[in-house]
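Readers should treat all values here as calculations from the given coordinates under stated rules, not as data from a laboratory. In this text the structure is predicted, and so the values were computed from the model without any measurement. Counting neighbours? That spans all protein chains shown, and the Cβs are built from the backbone with ideal geometry, glycine included.
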Amino acid sequence: MTPDTAEVDLDAAEAAAAALLVALGQDLGSAHVADTPRRMVAAYAELLTVEPFDFTTFPNSEGYDELVLVEDIPVRSVCEHHMLPFVGVAHVGYLPADRVLGLSKLARVVDFYSHRPQTQERLTQQVAEHLQTHLSPRGAGVVVEAEHTCMTLRGVRAMGSRTVTSALLGRLRTDAASRAEFLGLTRDRRTR
Ligand code: ZN
């Protein structure tokens, strides 16, 4: 998987960050903040850049056919409306068909789609669709719960509020028992 983002121009970004801070009435004159535009740009570049990775799958030679679920995968992303972070966890699962994959790859997929300006709804959907397209499981499910700092630090200042989104595909959507199992496991996680 290779990100489709353009090159980062750190010098241009640093000059723009300095101009933005000055326009916001900030004094960049003191030694403590002289380097702030560079640090600000480095922080955003890290949040918006991701390394490519191989989404390697393997034959399901054991014939494992029950739910595979990885819980509490960290989510660190940036909301595309305010460029402020949203932070939380993802629970990602699938019902294997002919292929399986290393469990760490589920976390890599979440990371891959998090490192760009996002909405939580789209992130949730993209992770589920990635599994459906590249693994062809019988079903794929994703639940994301996150705190949006654009909502908790500013605006309505709904401190402590969390947003929960889910995307269910294949049998995890259509089969009532599979759906209930997946949502039950991830809901238990939330109330623990
Ligand atoms: Zn926002």
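Please determine whether any residue of the range 20-40 is crowded, with 18+ Cβ neighbours inside 10 Å, hydrophobic (A, V, I, L, M, F, W, C) and either within 16 Å of the ligand (Cβ to nearest atom) or touching a residue at least 12 places away in the same chain (Cβ under 8 Å) (or both).
no
Consider only pairs whose beta carbons are under 8 Å apart and that are at least six residues apart or on different chains; among these, list those whose first residue lies in the range 82-96 and is closer than 12 Å to THR152 by Cβ and whose second residue is more than 16 Å from the ligand (Cβ to nearest atom) and among the hydrophobic types (A, V, I, L, M, F, W, C).
none
So, LEU169, is that one surrounded by 16 or more Cβ atoms within 10 Å (Cβ to Cβ) and within 19 Å of the chain's Cα centre (by Cα) or not?
yes
If you scan the range 106-124, which residues turn out to be in contact with a Phe, Trp or Tyr (Cβ under 6 Å, 6 or more places away or on another chain) and either surrounded by fewer than 21 Cβ atoms within 10 Å (Cβ to Cβ) or over 19 Å from LEU135 (Cβ atoms) (or both)?
Scanning the range 106-124 gives a single hit, ARG108.
Please determine, by comparing only the residues of the range 124-151 that are among the charged types (D, E, K, R) and under 17 Å from ASP111 (Cβ atoms), which one is nearest to the ligand (Cβ to nearest atom).
Looking at the filtered set, the residue picked out is GLU145.
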